[in-house]
Amino acid sequence: MKKIFFAAGVLLMSVNIAFAHTQDEGKKTKAERKEIRRENKDEVSIFTRNQFYQDFPEATNIRFEKTNYFDEVAFTLGQKDMRAYYDVRSNLVGTTETKALADLPENAQRTIQKKYGDFNVERVFLYDDNEANETDMTLFDMAFDDADNYFVELRKNSEVMIVKVDMAGNVSFFKSIQ
């Protein structure tokens, strides 16, 4: 009987030691991750890089960039020029894709022509929100609710204006850039 209790005690101790060793390794990994982030504060994190390669395995022409708000990745997917935005936890916030004015809903095209006809369309892109991530998006140094929207950059001489177009074609002023 003593042998059974002794064997059970040894087994229990070895399980506790293994569990404690695993716990220490987990803490060490967190500390290592913090140190990596601290050392590379001006670089896109390795976690974001790994997540990007999982999210977009077919991407080409990949360029990583650290910005004030996100880790950003410019890339090509098929024939599309895109950008992916990752938060501080390396989770995808959303993507942008270059579009043409003709890609906007027809009522938005008419509204832009009517209200901003004396402006030239410089660029159009679609922001596609990752609904699984609640982080609000920031574009042109302005945060907005995380919803899919088109953004149209308009220029008249030195005046640059950004308008937001929702998926229903409603056009609203977003920001003026001087």
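Where a number appears in this text, it was derived from the coordinates with a stated rule and is not lab data. Everything numeric in this text was worked out from a predicted model, so none of it was measured. So basically every Cβ, Gly included, is an ideal-geometry build from the backbone, and we count neighbours across all protein chains shown.
For this structure, a couple of remarks:
- Stretch gain in nm, segment residue 131-residue 55, where the contour uses 0.36 nm per residue and the Cα spacing is subtracted: 25.9 nm
- A simple count of charges around residue 78, restricted to other residues whose Cβ falls under 12 Å of its Cβ and scoring Lys, Arg +1 and Asp, Glu -1, yields -2.
- Note that segment 46-177 carries a Kirkwood radius of 15.6 Å, evaluated over its alpha carbons pair by pair.
- The Stokes-Einstein estimate for segment 133-178, based on a Kirkwood radius over Cα pairs and taken at 20 °C with 1.002 mPa s viscosity, is a diffusion coefficient of 188 µm²/s.
- In Hz, Karplus ³J(HN,Hα) per residue of segment 75-85 (6.51, -1.76, 1.60; θ = phi - 60°; x = Gly, Pro): 7, 10, 10, x, 9, 9, 8, 9, 9, 10, 10
- Taking amide H as placed 1.01 Å from N in the peptide plane, residue 137 has its amide H under 5 Å from the amide H of 144, 146, each at least 5 places away in sequence or on another chain.
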